[in-house]
Amino acid sequence: MFDFTYFLNVFPTIASKLQVTLTLTLTAAMFSILIGVTVAVIGYYKIKILYPLTRFYLSILRGTPLVAQLYFFYYGLARVSEIVLNMKPLTAVALVLSLNTGAFMSESIRGALLSVDSGQKEAAAMLGMTELQTIRRIVLPQAFRVSLPALFNDLINLLKATSLAFMLGVRDIMGQAKSEGAQSFRYFEIYLAVMIIYWLLVLGFSHLHKIMDRKCMEMY
């Protein structure tokens, strides 16, 4: 039977690890965007040497399971790298999530870059702008608005992917839930609490997306 009293007691206990989940999400999101923009620009201009390397990176990160990437990095590379061996689990998870989500974001951003009218770039060149000025002042601002829905979708997927952090020993929302379940075996109440917390977080990110989308519509 569903124990409502236990649910009310365990909910704040699990929610107490919300800061860990949000910190991991926002840190990985920041680096994912940097990686995504860099890889997208390289793909957009097809820069020699770097372009084939980014294609290989995208193929690996987009074509393999995230769980396998986490285990390979934290347990596999630890056999050959002392840096990884001494790395904290939270840092390792943030790094792998950044590389993984950055790969998906890069394709969203590259598609948005390609959607910008070439006539605007030609006009910028006629005004004497360099390639760097054109991409920074003309292309990226418009591409950002176009890619915003896809980027927020990637961000929500990133938030949900942080639930795998407990597999490396991180005491986040899922890690706390696993600990509580091992003690009480009240899995129905515990994981219902977990689902509600993640659902509320996703609703919050969706609301933020609507606000930013409205602001972008007013700007352009």
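For this structure, a couple of remarks:
- When each of Leu158, Leu168, Leu164 is tested for being in contact with a Phe, Trp or Tyr (Cβ under 6 Å, 6 or more places away or on another chain) and modelled with pLDDT of 85 or more, the lone residue that passes is Leu168.
- Inter-residue pairs, beta-carbon under 6 Å, first within 17 Å of Gly204 (Cβ to Cβ) and touching a residue at least 40 places away in the same chain (Cβ under 8 Å) and in the range 12-32, second open to solvent by less than 50 Å² (accessible area, probe 1.4 Å) and among the acidic types (Asp, Glu), 6+ apart: Lys17/Asp172; Val20/Asp172; Thr21/Asp172
- Qualifying positions in the range 14-68 - of a type in the set (Phe, Trp, Tyr) and within 18 Å of Ile135 (Cα to Cα): Tyr44, Tyr45, Tyr51
- Condition met for Arg145 (in contact with a Cys (Cβ under 8 Å, 6 or more places away or on another chain) and not hydrophobic (A, V, I, L, M, F, W, C)): yes
- Residue-level analysis places Ala103 among those that are modelled with pLDDT of 95 or more, surrounded by 21 or more Cβ atoms within 10 Å (Cβ to Cβ) and under 22 Å from Leu148 (Cβ atoms).
- Residue selected from the range 171-205 under the condition among the acidic types (Asp, Glu) and in a helix (DSSP H, G or I), by the criterion least open to solvent (accessible area, probe 1.4 Å): Glu189
- For the range 114-158, residues that are open to solvent by 60 Å² or more (accessible area, probe 1.4 Å), closer than 23 Å to Gly102 by Cα and not in a helix (DSSP H, G or I) total 0.
- For Ala92, the requirement of being modelled with pLDDT under 95, among the small types (Gly, Ala, Ser) and either open to solvent by 30 Å² or more (accessible area, probe 1.4 Å) or in a helix (DSSP H, G or I) (or both) is not met.
- Residue satisfying all of: in the range 36-53; over 24 Å from Leu158 (Cβ atoms) and assigned to a helix (DSSP H, G or I); least open to solvent (accessible area, probe 1.4 Å) among these: Tyr51
- Matching residues, the range 1-17, being surrounded by fewer than 16 Cβ atoms within 10 Å (Cβ to Cβ) and within 25 Å of the chain's Cα centre (by Cα): Ser16
- Residues that are touching an Asp or Glu at 6+ places or on another chain (Cβ under 9 Å) and either loosely packed, with under 13 Cβ neighbours inside 10 Å or among the β-branched types (Val, Ile, Thr) (or both), drawn from the range 54-88: Arg62
- The range 68-80 residues that are in contact (Cβ under 8 Å) with a residue 60 or more places away in the chain and under 10 Å from Ala92 (Cα atoms), paired with ones that are β-branched (Val, Ile, Thr) and in a helix (DSSP H, G or I) (beta carbon under 6 Å, 6 or more apart): Leu70/Val96
- Subset of the range 159-170 [at negative phi and open to solvent by 50 Å² or more (accessible area, probe 1.4 Å)]: Lys160, Phe166, Met167
- The residues of the range 159-170 that are part of a loop (DSSP other than H, G, I, E, B) and either touching a His at 6+ places or on another chain (Cβ under 7 Å) or under 15 Å from Thr23 (Cβ atoms) (or both) amount to a single one, Val170.
- The test for being within 26 Å of Arg171 (Cβ to Cβ) and either touching a Lys or Arg at 6+ places or on another chain (Cβ under 7 Å) or assigned to a helix (DSSP H, G or I) (or both) holds for Phe72.
The values are calculated or read from the model by the stated rules, or taken from the named source; none is laboratory data. Quick caveat: nothing in here was measured; it's all calculated off a predicted structure. Methodologically, a virtual Cβ is constructed for each residue, glycine included, from the backbone with ideal geometry; neighbour enumeration extends over all protein chains shown. Heads up: the accessible areas ignore ligands, DNA and RNA and are worked out on the full protein's heavy atoms, side chains in. Shrake-Rupley method; radii C 1.70, N 1.55, O 1.52, S 1.80 Å.
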